[in-house]
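The values are calculated or read from the model by the stated rules, or taken from the named source; none is laboratory data. Everything numeric here is computed off the predicted structure, so don't read it as measured data. FYI the Cβ positions are ideal-geometry reconstructions off the backbone, even for glycines, and counts take in every protein chain you see.
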């Protein structure tokens, strides 16, 4: 990366035994990495360590060799929460009890003890532990009884944040407002970032388009990645590369236009709801093999209830017949997994849930239930709106979860399509 | 940890720019960590680095100081896939082209080129690159065109695996069968592991039970963690600590008996389906604020279709009335978010989807839509089976996603409850 050597180096250290055991997937490393990148700084590494003191101390030591060291976890009141003690040791600072902090944490703990009906004495060692910081460190405020901690060592600024993601995010917002972090982050400029999101095209076709458009380099960095069955093209422009970047973006947009559906990060379910809302339309779902995932994604969006009427998970032939009024004749002649049944399900959802737009999914998610004629991975999706409907047939053998997720994403994109201006000619 | 110093030290290095940018959450580190732990080895750390050569080389260098170094990613054919080259440099080995490997990768690439209608010459540099390994390394077989690589340095065994999780897992299975890995892993013994899973109890109450049962230590390590609104108690017993472990487990089981629902990792949705299947019962759902998540979790289980009849996502009053036949009167008097409507929805699902067991959720997931009387986080869940029904009221203000997920888990556990022997007296 051009100019990378002049940039401050940032390290993230994440601690937690459950993380090095694979019991939990760390979310704080990715969050902090994203926060840094948005400010123009790519994390040099994210180190995940358990609570073994030697391993944690070594990781903190490495962290303090960077310009910025962000630490997640290990701030609790118990003996195996060692971040502060080991940070002090790695920084060569003594530990000091902060009387004001002790009072702040103490009053919280007292209230807590009262609520639990336990003597405050039980909490006192924890209070003293949590009020003890490396010399020169400052509290960023409390998360529960744990203070976030900022330690400015001149060459390195270290920030220790609590492990629970919501707490970490809250105290991180405070950390970025402090003078030491402004100083480090002031040395970089956020890159301009463009995000192209495509659906219905392969990663390799996008890679080919990139090559044909001249490729990246010279301050323009392009990452192509398949994410949840969409293709995301991330274009980072360094200072001075704007013009070259715009040319490249134009060179990508033109051959990929028909697949390009967004230039921001808004999820397709939010996009579909917004499009319905703008046109005053309501929406209903009818799902078989996706078992409610389409409805769940739509309703994950706050405020979806003004557009989304409801859905039916028709997992049996009987429910397709009785609730969605799919003709029994059709189920017998074409089978539940068929284009005709998908169309009837979408129409049924629209009609019987009283919506303007209906979308349906029916397929074989496996691992059992496939036949030579209708193998695992065969899925029919149908969407119908005021301007008519469209069906799609998928045939991607994969694991159950992938088949269901791909079908869900496809269903949402198909709704987007049938609501596009110009449909059904577009 | 007792005896930790005699154990081999294992490091995991994960490479990928998207990972240090927070664009994607790494799944390979947790997978490899779990695999190691099952064999008795806790990873000392998981290092995540981008594809900057200096950072990756430094991470590999550290990895080679351990007894076992597992590397994920960076094996592709393009210039920014540098794992093999930098592994050789870190190990002080020269790179050698393997003619047999070149032929193996070449024939694959030739077929690929033909399929794409492109000249093989385009692929040749990539083939040579991927067939070039550190001196003394061996291929573990191909993932796409990338070989997994095993390098036995005596003091350290290094294994480089491809980044796509399915490929990594496939080649990891081969790696553990090799002599060098058997040698390293033969130095440890898998700990006995007990997993207690509880629902309806707080983490701190479990922590108190642990203290009262004598606490951990002396070869017994206990981790308590809240996971998706259940509490998981993970008990690891080292050799010789079996007796002490059994005593501790008994001391935990006894006060927590009514919350303990499993001593294995089977998901509650699978458990509920198995219980229905064993009794020959069918199941249906009626969801409002969870928007299909309960149905989606049930249908995530292969073979769920023999038990799960279907579900209704009744997101509007009209759909509650028209599809589930919830009396309009009740919706007016009690409101859609009420215990009575939850009960009527569960009954409606059971009746109108023709199932033996019905479960419903209705609530305010927020962020908008809350009132003083019915605030965000208020959720009613009801389950009804052949022996009768039970309702639960939740009132946990939180973000939309947490409220929905908590309600979903609660609904599944409530079904489990109403199917328990002895219900409704139990």
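Annotations for the structure displayed:
- Enumeration of residues in segment B:357-377 that are in a loop (DSSP other than H, G, I, E, B) and within 13 Å of chain A (Cβ to nearest Cβ): B:364, B:365, B:366, B:367, B:368, B:369, B:370, B:376
- Matching residues, segment B:313-330, being more than 10 Å from every other protein chain (Cβ to nearest Cβ) and closer than 13 Å to residue A:323 by Cα: B:325
- Scanning segment A:301-312 for residues that are at the interface with chain B (Cβ under 7 Å from one of its Cβ atoms) and either in contact with a helix residue (DSSP H, G or I) (Cβ under 7 Å, 6 or more places away or on another chain) or within 22 Å of residue A:376 (Cα to Cα) (or both) gives A:302, A:308, A:309, A:310, A:311, A:312.
- Selection of segment A:157-170 for residues being over 19 Å from residue A:24 (Cβ atoms) and within 20 Å of the chain's Cα centre (by Cα) yields only A:170.
- Checking each residue in segment A:382-393 for being closer than 24 Å to residue A:353 by Cβ, in a strand (DSSP E or B) and in contact (Cβ under 8 Å) with a residue 24 or more places away in the chain picks out A:382, A:383, A:384, A:385, A:388, A:389, A:390, A:391.
- Unmet requirement for residue B:162, which otherwise passes all of (1) over 30 Å from residue B:233 (Cβ atoms); (2) at pLDDT 95 or above; (3) surrounded by 20 or more Cβ atoms within 10 Å (Cβ to Cβ): (2)
- Residue within segment A:196-219 that is outside the structural domain of residue A:299 (by TED's automatic domain parsing), within 17 Å of residue A:39 (Cα to Cα) and surrounded by 15 or more Cβ atoms within 10 Å (Cβ to Cβ) present: yes
- Criterion: closer than 24 Å to residue B:211 by Cα, part of a helix (DSSP H, G or I) and in contact with a helix residue (DSSP H, G or I) (Cβ under 8 Å, 6 or more places away or on another chain) - qualifying residue of A:128, A:115: A:128
- Test: residue in segment B:198-210 that is touching a residue at least 24 places away in the same chain (Cβ under 8 Å) and closer than 21 Å to residue B:41 by Cβ: no
- Filtered residues of segment A:52-73 (kept if at the interface with chain B (Cβ under 10 Å from one of its Cβ atoms) and either touching a strand residue (DSSP E or B) at 6+ places or on another chain (Cβ under 9 Å) or closer than 16 Å to residue A:148 by Cα (or both)): A:55, A:56, A:58, A:59, A:62
- Only residues that are out of contact with any helix residue (DSSP H, G or I) (no Cβ under 6 Å at 6 or more places or on another chain) and either free of Cβ contacts under 8 Å to residues at least 24 places away in the same chain or buried (at least 24 other Cβ atoms within 10 Å of the Cβ) (or both) were counted in segment B:324-335, giving 4.
- Leading residue by the ranking (surrounded by the fewest Cβ atoms within 10 Å (Cβ to Cβ)) among those in segment A:345-355 that are over 17 Å from residue A:413 (Cα atoms) and at pLDDT 95 or above: A:347
- Filtered by the rule that a residue be in contact with a strand residue (DSSP E or B) (Cβ under 8 Å, 6 or more places away or on another chain) and without any contact (Cβ under 8 Å) to a residue 12 or more places away in the chain, segment A:156-178 gives no residues.
- Hits in segment A:1-24 - residues which are over 25 Å from the mean Cα position of the chain (by Cα) and either within 10 Å of chain B (Cβ to nearest Cβ) or modelled with pLDDT of 90 or more (or both): A:1, A:4, A:5, A:8
- Among the residues making up segment B:211-225, those that are closer than 17 Å to residue B:42 by Cα and modelled with pLDDT of 85 or more are B:217, B:219, B:220, B:221, B:222.
- Tally of residues being over 30 Å from residue B:303 (Cβ atoms) and buried (at least 22 other Cβ atoms within 10 Å of the Cβ) across segment A:381-426: 4
- In segment A:285-298, the residues that are facing chain B (nearest Cβ under 8 Å) and touching a strand residue (DSSP E or B) at 6+ places or on another chain (Cβ under 6 Å): A:285, A:287, A:289, A:290, A:291, A:292, A:294, A:295, A:298
- Residue match in segment B:277-293 (condition: at pLDDT 95 or above, under 28 Å from residue A:351 (Cα atoms) and in a helix (DSSP H, G or I)): yes
- Matching residues, segment A:29-46, being more than 14 Å from residue A:63 (Cβ to Cβ), under 16 Å from the mean Cα position of the chain (by Cα) and more than 7 Å from chain B (Cβ to nearest Cβ): A:35, A:38
Each row is one residue, and each column tells you yes or no for (1) at pLDDT 95 or above; (2) assigned to a helix (DSSP H, G or I).
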residue: B:296; (1), (2): yes, yes
residue: B:312; (1), (2): yes, no
residue: B:324; (1), (2): no, no
residue: B:329; (1), (2): yes, yes
residue: B:333; (1), (2): yes, yes
residue: B:343; (1), (2): yes, yes
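- Filter result for the condition that a residue is modelled with pLDDT of 95 or more, surrounded by 14 or more Cβ atoms within 10 Å (Cβ to Cβ), assigned by TED's automatic domain parsing to the domain that holds residue B:179 and closer than 28 Å to residue A:215 by Cα, over B:105, B:84: B:84
- Segment A:238-248: number of residues that are surrounded by fewer than 21 Cβ atoms within 10 Å (Cβ to Cβ) and not in a loop (DSSP other than H, G, I, E, B): 5
- Any chance residue A:408 is within 14 Å of another protein chain (Cβ to nearest Cβ), under 24 Å from residue A:202 (Cβ atoms) and touching a helix residue (DSSP H, G or I) at 6+ places or on another chain (Cβ under 7 Å): yes
- Which numbered condition residue B:264 misses (of (1) at pLDDT below 95; (2) more than 9 Å from every other protein chain (Cβ to nearest Cβ); (3) under 25 Å from residue B:402 (Cβ atoms)): (3)
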